[in-house]
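Chemist: Can you read through this structure? Questions will come right after.
The values are calculated or read from the model by the stated rules, or taken from the named source; none is laboratory data. From a predicted model like this one, the values you see are computed outputs, not experimental measurements. No Cβ is skipped: glycine too gets one built from the backbone with ideal geometry, and neighbour counts run over all protein chains shown.
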Amino acid sequence: MNRKTRRERRQALGTDSAVRLLAVRNIRLARRKWEISPDQVAALKSLTEELRLSVASGDLMLLDNRWHVTHTGLLRIAQRNRCSGMKTTVEKGLSDPVTCRWVFKAIVYKSPRSRGFVGYGDADPSNVSSMVHGAEMRVA
């Protein structure tokens, strides 16, 4: 076994233990902030392991008994994945401010020279939590 392999193994072990520690911290803090079920604990552990997000940093929050990644969490994921930039525009033909229905187009750039890839987000009172009614534009 060469040195590089040993170093990589040590780093991987360090990363695994850091993720486990983050999961424990997330669960402890979540239990202090909210009443959470065993299923919610399992979901939080899974989200922590997969996305490495922190409850203490405001990356995740519990809304309507479901875990949601916050704006801060989305930015952290984008930064970790080396997102270079994003351009968003409202789709005026599909949005209706009177009924609080919003559709946005986003172009995400992985590097300054990339062509980007396109995604869409929408929100209206029927598909957002009652806790965020009135903020559909922001959710979209």
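Chemist: Give me the pairs: first residue in the stretch 111-140 and at pLDDT 90 or above and assigned to a loop (DSSP other than H, G, I, E, B), second residue surrounded by 11 or more Cβ atoms within 10 Å (Cβ to Cβ) and of a type in the set (A, V, I, L, M, F, W, C), beta-carbon distance under 7 Å, and six or more apart or on different chains, which are they?
Modeler: Between residues of the stretch 111-140 that are at pLDDT 90 or above and assigned to a loop (DSSP other than H, G, I, E, B) and residues that are surrounded by 11 or more Cβ atoms within 10 Å (Cβ to Cβ) and of a type in the set (A, V, I, L, M, F, W, C), the close pairs are Gly116/Ile107; Gly116/Val108; Asp124/Cys100; Pro125/Cys100.
Chemist: Name the pairs: first residue in the stretch 20-46 and farther than 17 Å from Val69 by Cβ, second residue surrounded by 12 or more Cβ atoms within 10 Å (Cβ to Cβ) and modelled with pLDDT under 95, Cβ to Cβ under 6 Å, at least 6 apart or on different chains?
Modeler: none
Chemist: So which residues in the stretch 87-116 are touching a strand residue (DSSP E or B) at 6+ places or on another chain (Cβ under 6 Å) and loosely packed, with under 14 Cβ neighbours inside 10 Å?
Modeler: Lys87, Thr88, Thr89, Leu94
Chemist: Another one. Here's a check for you: in the stretch 71-110, which residue that is among the charged types (D, E, K, R) and under 20 Å from Leu51 (Cα atoms) is farthest from the chain's Cα centre (by Cα)?
Modeler: Step by step, filter the stretch 71-110, then rank; the result is Lys110.
Chemist: Yes or no: the stretch 83-92 includes at least one residue that is farther than 20 Å from Ser111 by Cα, part of a loop (DSSP other than H, G, I, E, B) and modelled with pLDDT of 90 or more. Can you show your working first?
Modeler: Here is the first cut: in the stretch 83-92, the ones farther than 20 Å from Ser111 by Cα are 90-92.
Pick out the ones that are also part of a loop (DSSP other than H, G, I, E, B) and you get 91-92.
In the following step, the residues that additionally are modelled with pLDDT of 90 or more were identified as 91-92.
Yes, the stretch 83-92 contains at least one residue that is farther than 20 Å from Ser111 by Cα, part of a loop (DSSP other than H, G, I, E, B) and modelled with pLDDT of 90 or more.
Chemist: If you don't mind, another one. Is it the case that some residue within the stretch 36-51 is part of a loop (DSSP other than H, G, I, E, B) and either of a type outside the set (Asp, Glu) or at pLDDT below 95 (or both)?
Modeler: Looking for residues that are part of a loop (DSSP other than H, G, I, E, B) and either of a type outside the set (Asp, Glu) or at pLDDT below 95 (or both), one finds at least one in the stretch 36-51, hence yes.
Chemist: Between a residue in the stretch 53-75 that is in a strand (DSSP E or B) and any residue that is of a type in the set (Phe, Trp, Tyr), which pairs come within a Cβ distance under 7 Å, given they are 6 or more apart or on different chains?
Modeler: Leu60/Trp67; Leu62/Trp34
Chemist: In the stretch 41-74, which residues are closer than 22 Å to Ser130 by Cα, surrounded by 13 or more Cβ atoms within 10 Å (Cβ to Cβ) and out of contact with any strand residue (DSSP E or B) (no Cβ under 7 Å at 6 or more places or on another chain)?
Modeler: Listed by number, the residues that qualify are Val55, Gly58, Leu62, Leu63, Thr72, Leu74.
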